[in-house]
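These notes concern the structure reproduced below.
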Amino acid sequence: MNAKAGWSHSLRDFADQIDEDVTQHVRVIAMAMLTEVVNRSPVGNPDLWKANAELRAENTALADAYDANVDARNATNPGKKQFKKLTQRERKENFFVDAKAAGKGYIGGTFRGSHIVSVGAPDFTVVENVDPSGRDTINKGAMMIKASGNYPVIYIQTNSPYGEMLELGHSTQAPGGVYDLAWIGVSEAYR
């Protein structure tokens, strides 16, 4: 329409406003998704890992069996020199009750720091940042999201070698995975 018909705004201004509104919504949702993914990511604790729990249980059982054998020997030899049960230090040193089968050298926060944001195309870089709080990961991703242009396609991903296993529920801290639950939560909040 022209100004004679009573319309004084250009269609270009309207289209520009739509572009900005849609882009802003995409950025808000991407930030919510990134924050949800990072915060849902388990911060590894090798003491909770199944292999370590099994080894600890096995070694503790061996130490307990030793102590039971001491009790049995002492019961059959009354009045003679009594054998001593293991001290806590001996249980650790001789039966490795605190040993870890997996995770030696692991630092908690590696998975949380592995999430990356890219715009326009996925990024298949394997990132090994250690970020137990997740703040640095969220801040780096936020910079990418804020710098995206109109109608951005934003990718939030991890290329961690064990990311798929965590997504499949192999963590007691995230038994339902990370990305699927983050997607459900964010899509519910912004539908």
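A short reminder: the numbers here are calculations on the coordinates, not readings from a lab. These numbers come from a predicted model, not from an experiment. Glycine also receives a Cβ, built like all others from the backbone with ideal geometry; neighbour counts cover every protein chain displayed.
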For region 37-191, what is the charge dipole size about the Cα centre, in debye to the nearest 20, if Lys and Arg each add +1 at the Cβ and Asp and Glu each add -1 at the Cβ? 640 debye
Can you list the residues, at least 5 places off or on another chain, whose amide H is less than 5 Å from the amide H of ASN159, using H built in the peptide plane? VAL127
Ordering of 36-48, 72-84 by packing [mean C-beta count within 10 Å, highest first]: 36-48, 72-84
Choose one of PHE95, GLY79, ASN69: the residue whose Cα lies farthest towards the positive end of the charge dipole of region 47-95 (beta-carbon charges +1 Lys, Arg; -1 Asp, Glu; about the Cα centre). GLY79
The summed charge of the ALA63 Cβ neighbourhood (under 12 Å; Lys/Arg +1, Asp/Glu -1) stands at -1
Counted charge near VAL127, where neighbours are those whose Cβ lies closer than 15 Å (Asp, Glu -1; Lys, Arg +1): -2
Output wanted: per-residue J couplings in Hz (rounded whole) for region 183-191, from phi through Karplus 6.51 cos²θ - 1.76 cosθ + 1.60, θ = phi - 60°, x for Gly and Pro. 4, 4, x, 6, 5, 5, 5, 10, 6
By count of other Cβ within 10 Å, fewest leading, how are ARG112, ARG91 ordered? ARG91, ARG112
Calculated [θ] (222 nm, deg cm²/dmol) that DSSP helices of n ≥ 4 give over the chain, each run adding -39,500 (n - 2.57): -16000 deg cm²/dmol
How far is helix 11-40 tilted off the main Cα axis of the chain, in degrees rounded to 10, range 0 to 90? 0 degrees
How much length, in nm to one decimal, is gained on full extension between LYS85 and GLU54, taken as 0.36 nm per residue of separation minus their Cα-Cα distance? 8.8 nm
Taking Cα atoms, how many degrees apart are the long axis of helix 135-146 and the longest axis of the chain, rounded to 10 and kept between 0 and 90? 20 degrees
Size of charge dipole - region 47-95 - debye, nearest 20, with Cβ of Lys, Arg +1 and Asp, Glu -1, no other charges: 320 debye
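Once the other residues with Cβ under 13 Å from the Cβ of SER187 are scored (Lys, Arg +1; Asp, Glu -1), what is the net sum?
-2
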Taking θ as phi - 60°, what are the ³J(HN,Hα) couplings along region 163-179 by the Karplus curve (6.51, -1.76, 1.60), each to the nearest whole Hz, with x for Gly and Pro? x, 5, 5, 5, 5, 7, x, 7, 9, 5, 7, 9, x, x, x, 10, 5
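What is the Cα convex hull volume of region 47-95 when expressed per residue in Å³?
Normalising the Cα hull of region 47-95 by residue number yields 64 Å³.
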